[in-house]
Amino acid sequence: MTVKDITDILEAFAPLQDQEHWDNAGLCIGSPSDEVHGVLVGFDCTPALIQEAIDRGADMVVTHHPLIFNGLKRIAPDDPVGAAVYLAIRHGIAIYAAHTNADKAADGVNVLMAARLGLVEPEPLDDSRLGFIGLLPEPMSGEAFCAHVKRCFRLEVLRSSAPVAEVARVATSCGAGSGFAELAFAAGADAFVTGDVSYHHFFVPEGRMIVDIGHFESEVDIVAKFVSVLQEKLPTFAVCTTTQKHNNPIYYF
């Protein structure tokens, strides 16, 4: 098995050419011809994840967020990105990410978000496929909708603008999707669910509400999806999910 064998499967699910122009998805460390004996799948490519791959004998790591996003001026073990690069290269571990291309995939992050909420026949908000909109099975109050969202995403807390009287039509966008709020409301969404909402985005039109569930929380389902995509094609190959219990860099107290 080679790196290319693995990436071909992932790119059939989430074509690399579909990533946004500013993104850096794909293979960032390693060669397509490198031999692979095991793959470890996680959400963020941290030094801890690379160390886990080393400990478990995996020589390829697949994540959602790219390890190298902006230019690197130095690679040193005292910096989180540098430490991960340093470890990966020292131990011959290939690093691959499927990011915005996985957000847009037919069964990707945004579709998984809509499915968690139980939206009926969700459709893309626009051609980017970075946001979706659909109907709840039954309308509910804004307060009930917040409780519904917390149950669906297994949240202890969320942030929301003032709850509205009724929510029937819901839009979603994974990650830092607040830039889609105007489009979501123009499409008739009563509520828009996303992550990383800044203060001023909570000022929404009357009769609308925006709900922030967190960046990690909106996207983490993609980890299990990557595993299932690989295991479907490689049922006897060593594909495993990280055992780290808390991958979210944000803690709530």
Choose one of 155, 128, 118: the residue whose Cα lies farthest towards the positive end of the charge dipole of the range 106-213 (beta-carbon charges +1 Lys, Arg; -1 Asp, Glu; about the Cα centre).
-> 155
Can you pull out the trypsin sites (Lys or Arg not before Pro) in the range 30-132 that DSSP calls coil and that have at most 12 other Cβ atoms within 10 Å?
-> 73, 74
Of the candidates 70, 184, 172, the farthest towards the positive dipole end of the chain (Lys/Arg Cβ +1, Asp/Glu Cβ -1, centred on the Cα centre) is 70
Loop sites in the range 179-221: chymotrypsin sites (Phe, Trp or Tyr not before Pro), DSSP, at most 15 other Cβ within 10 Å | 203
Simple Cβ-charge dipole of the chain, Lys/Arg +1 and Asp/Glu -1, about Cα centre, in debye nearest 20 | 480 debye
Compute the distance in nm between two label points, each set 7 Å from the Cα along the Cα-to-Cβ direction, one at residue 89 and one at residue 241.
-> 3.3 nm
Starting at 0 and stepping by 10 Å, how many percent of the alpha carbon pairs of the range 1-160 end up in each bin?
-> 10, 31, 29, 20, 8, 1
Charge context of residue 1, other residues only, Cβ under 12 angstrom, K/R +1, D/E -1 | -3
Where both residues lie in the chain, what percent of DSSP beta bridges are antiparallel, nearest 5?
-> 45 percent
Which shape class, rounded, prolate or oblate, goes with the range 106-213 when its Cα gyration tensor gives a ≥ b ≥ c as root eigenvalues, a/c under 1.5 marks rounded, and past that a/b bigger than b/c marks prolate?
-> rounded
Net charge of Cβ neighbours under 13 Å - reference residue 205; Lys, Arg +1; Asp, Glu -1 | -2
Suppose R0 equals 22 Å; then what is the FRET efficiency for residue 76 and residue 55 from their Cβ-Cβ distance, rounded to the nearest 0.05?
-> 0.50
Net dipole in debye of the range 106-213 [+1 Lys, Arg Cβ; -1 Asp, Glu Cβ; about Cα centre; nearest 20] | 320 debye
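Rule-based calculations on the coordinates, nothing more; no lab input. From a predicted model like this one, the values you see are computed outputs, not experimental measurements. Note: ideal-geometry Cβ built from the backbone for every residue, glycine included; neighbour counts use all protein chains shown.
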